[in-house]
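Everything on this sheet refers to the single structure shown next.
The values are calculated or read from the model by the stated rules, or taken from the named source; none is laboratory data. As the structure is a computational prediction, the values presented were derived from the model and not from experiment. With ideal geometry, Cβ positions are generated from the backbone for all residues, glycine too; neighbour counts draw on all protein chains shown. We work out accessible area using only protein heavy atoms, side chains counted, and drop any ligands, DNA or RNA first. Shrake-Rupley method; radii C 1.70, N 1.55, O 1.52, S 1.80 Å.
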Amino acid sequence: MRITCPLCGARDHREFTYKGAALPVPALEAGTVAWDTHVHLRENPAGPHEELWQHSMGCGAWLKVRRNTVSHEILAVELAQDAGLAIMEERS
Ligand SMILES: [Zn+2]
């Protein structure tokens, strides 16, 4: 599987790290039920699915990837920031 990073071009998927489903993040004050649902309840679709990937072995950009989970065909890729997704960086 190859993912086309908008900044680097087409690269092998092993350069990228899967970061989960590309879902809207609840507001901080949304409450425990909304956050519990966001963190623990996930769809497991067979077909097109929007995901977050990071080009961790490349430029480091976070990407919103639309991928068919059955065929692994990459249907669309855009920078997460251009898709309006807030990214919370991990601290080491
Ligand atoms: Zn890149």
Scope the stretch 69-82; condition hydrophobic (A, V, I, L, M, F, W, C) and either closer than 14 Å to residue 54 by Cβ or part of a strand (DSSP E or B) (or both); matching residues: 74, 75, 76, 77, 79, 80
Residues satisfying the stated conditions in the stretch 18-38, i.e. open to solvent by less than 80 Å² (accessible area, probe 1.4 Å) and of a type in the set (A, V, I, L, M, F, W, C): 21, 22, 23, 25, 27, 30, 34, 35
Subset of the stretch 1-51 [more than 16 Å from the ligand (Cβ to nearest atom), at pLDDT 95 or above and of a type in the set (S, T, N, Q)]: 32
Residue within the stretch 61-84 that is within 15 Å of the ligand (Cβ to nearest atom), acidic (Asp, Glu) and open to solvent by less than 90 Å² (accessible area, probe 1.4 Å) present: yes
Yes/no for residue 50 being without any contact (Cβ under 8 Å) to a residue 40 or more places away in the chain, open to solvent by 40 Å² or more (accessible area, probe 1.4 Å) and not in a helix (DSSP H, G or I): yes
